[in-house]
1. Over 13 Å from the mean Cα position of the chain (by Cα) and among the basic types (Lys, Arg): is that true of ARG188 in this structure?
2. Take the residues in segment 155-180 that are out of contact with any strand residue (DSSP E or B) (no Cβ under 6 Å at 6 or more places or on another chain), closer than 14 Å to ARG208 by Cβ and open to solvent by 20 Å² or more (accessible area, probe 1.4 Å); name whichever of them is modelled with the highest pLDDT.
3. Name the single residue that is surrounded by the most Cβ atoms within 10 Å (Cβ to Cβ) among those in segment 92-115 being modelled with pLDDT under 95 and not in a loop (DSSP other than H, G, I, E, B).
4. Would you be able to tell me the number of residues in segment 164-214 that are among the hydrophobic types (A, V, I, L, M, F, W, C) and not in a helix (DSSP H, G or I)?
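The values are calculated or read from the model by the stated rules, or taken from the named source; none is laboratory data. Keep in mind it's a predicted model, so treat the numbers as computed, not measured. Cβ atoms come from the backbone with ideal geometry, glycine included; neighbour counts cover every protein chain shown. Ligands, DNA and RNA are stripped out before the accessible areas are found, and what is left, the full protein with its side chains, is counted by its heavy atoms. Shrake-Rupley method; radii C 1.70, N 1.55, O 1.52, S 1.80 Å.
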Amino acid sequence: MLLLATSLLLLLLGPPGARGGETPRPLQNVTLAIILPQNNTAYPWAWPRIGPAVERAVRAVNADPSLLPHHHLQYFFRGSQNGDGVCSETMAPLMAVDLKMLHDPWAFIGPGCSYTASPVGLFTAHWDVPLVTAGAPAVSFNKSIYHSVTNTGPTHKKLGRFALRVCERFKWLEQVLLLFHDQKVDDRPCYFAMEGIFEELGKANITRVDRVFNEKLLPVNYSDIIPDIQQTGRGESVWVRILTQLSSVSNVLLLCVIL
C-alpha cells in the first residue's frame, strides 16, 4: 500500500535531478499522514502490521536520492481506534483534521475501515489531497464523491461482479438467497460484502432475498432460521420457494460468517 503511494508521488514529482554545476537545493519534505488502528491486529491494516513496512519504505526512499530528488520523505501517525480498540468514525476524522492542520500532508495513508475512511475521504476530497488505502471496500466509495480515494485492495463491488459472473456461468439467474452475520457494530464486514453482491446481482435483474443473523449470540440455532423465514413471507413466501428449490440450478445460497 505504501509502495504504491510512493510510486504515485514519484510520478507526480518527475525524474529530473540536479545537473552538473547547479547549486544543491535544500530538501523539501514530502509528508504522509497515516491513520490506522494503533494496536488491534484483528484488522489487517493495523499499525503493528503496516508500521514495519512504512519504516522500511521511508528509509529506502530517503537513502536513494534518485527516487525523490531534492525531497525528503517523512510521515506522521495517528490512531483511528477508540477506547474499546475498534475503528472509530469519530476519532479518525478528528485525527485527520489534526494532521492536516499541523503537518499539511501531501497524502493520507488509511484509514482502512469503511466507517472511518468515509468521513476522512470526504475531508481529503475537500482538501484535494490523495488518500490511499488497502481497505475501505464498501460500494459507497464511488469516484463522484470520493474522488481523492485510491483503493489498492479488493473491493466489494468487484466481489459482486465476481458473484454475478459465477451466477451467469452456471445459469443461476432466477433467485439468490443471501444469509449473513451482522452485529451492526465495528466495520460490519459481512454486511458490506453482501451489499456489493446484492447490488451487482440486482443490475442483472436477479431476485435477491437477504436474511441477517448474529452468530455471536451463542449458541446459534441455525435450524431456527428456516421456520423464521417461513413466517416472514406474505402469501407464498419467496423464502419458502428458494429453500424448497435450492437444489435446482436456478437458485443459489450465499453465506457470510466471521471465522
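1. no
2. Of everything passing the filter in segment 155-180, LEU173 is modelled with the highest pLDDT.
3. SER114
4. Residues flagged as among the hydrophobic types (A, V, I, L, M, F, W, C) and not in a helix (DSSP H, G or I) within segment 164-214 amount to 14.
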